[in-house]
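Notes follow the structure.
The values are calculated or read from the model by the stated rules, or taken from the named source; none is laboratory data. Computed from a prediction, not measured in an experiment: that's the story for all the values here. As a convention, Cβ positions derive from the backbone with ideal geometry for all residues, glycine included, and neighbour counts pool all protein chains shown.
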């Protein structure tokens, strides 16, 4: 077993983290990679795999994990095109992926039971506590308007989520994570103009005005909001949550329910399941995409659940 730790360069208390990893895993002679810019974790994951590392631990938040998952998958692209079939999934499954949640947003860690305790992580690795979990494939338009595709492991949504992420990036370093998330979500909800969208899935179609259309593999997003109580990371289906015509008052009324990861009883909140869904705007205004806490571009988009493709170290 060759272990590599890929660390977000903006991680808090980074020197303490590096020292703790080196001391705890010293018998494995772990390699530490440190990112220098956005997107660098993707490149570092490919570098690590190219050097023979078969256990990759990503240290950071949901964005770091997303970059890492894309790096793992892109390491095994077969060159047959830009679809999810253009990858060697058999070899991807040989790479064990883990998470040390040291980011500002650690939502997937709540679903996966990932711990920031390095000794516990070591024990999970020793006991081979990994299993195959689902990943999502998305085709969409990048910020320049060109066709693109990407993989995700937690949640992708269209609507106010993308707008909130843009606000979050501007304020997180000033306000701190918790307050920045709260301000980004509530201020966006208060001002966001609902967009008319159309969604076509396996066994349902939906058309109407929505604040957010959420496609969930994991249960949590937005720094601890349990938006998808019935989501499973291994059933081959997404939980889809459509948030229609709700107000800021509705948000505050139901926020405790969401934080408990329970379903909201509201006539404008819908819960569905799907393996594949296509989403498009029914008006000229662009609708932005939030993927694992990062703004990536615009709809139209197609999202497909790829069942049990990632070998993930789970804490529960």
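Quick notes on this one:
- Exactly one residue out of 277, 264, 214 is assigned by TED's automatic domain parsing to the domain that holds residue 301, free of Cβ contacts under 8 Å to residues at least 60 places away in the same chain, within 18 Å of the chain's Cα centre (by Cα) and crowded, with 17+ Cβ neighbours inside 10 Å: that is 214.
- For segment 89-112, a residue qualifies if it is surrounded by 14 or more Cβ atoms within 10 Å (Cβ to Cβ) and part of a loop (DSSP other than H, G, I, E, B), and the qualifying residues are 93, 95, 102, 103, 104, 105, 106.
Here's the yes/no breakdown for (1) at pLDDT below 95; (2) over 19 Å from residue 137 (Cα atoms); (3) touching a strand residue (DSSP E or B) at 6+ places or on another chain (Cβ under 8 Å):
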{"site": "210", "(1), (2), (3)": "yes, yes, yes"}
{"site": "225", "(1), (2), (3)": "yes, yes, no"}
{"site": "228", "(1), (2), (3)": "no, no, yes"}
{"site": "234", "(1), (2), (3)": "no, no, yes"}
{"site": "242", "(1), (2), (3)": "no, yes, yes"}
{"site": "246", "(1), (2), (3)": "yes, yes, yes"}
{"site": "249", "(1), (2), (3)": "yes, yes, no"}
{"site": "253", "(1), (2), (3)": "yes, yes, no"}
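- Meets criteria (under 23 Å from the mean Cα position of the chain (by Cα) and more than 23 Å from residue 116 (Cβ to Cβ)) for residue 84: yes
- Within segment 70-88, the set of residues being in contact with a strand residue (DSSP E or B) (Cβ under 7 Å, 6 or more places away or on another chain) and buried (at least 18 other Cβ atoms within 10 Å of the Cβ) comprises 70, 72, 73, 76, 84, 87.
- When residues in segment 46-76 are screened for being under 17 Å from residue 291 (Cβ atoms) and outside any loop (DSSP other than H, G, I, E, B), 15 of them pass.
- Number of residues in segment 14-34 that are without any contact (Cβ under 8 Å) to a residue 60 or more places away in the chain and part of a loop (DSSP other than H, G, I, E, B): the value is 2.
- Residue in segment 80-100 that is in contact with a helix residue (DSSP H, G or I) (Cβ under 7 Å, 6 or more places away or on another chain) and farther than 21 Å from residue 305 by Cβ present: yes
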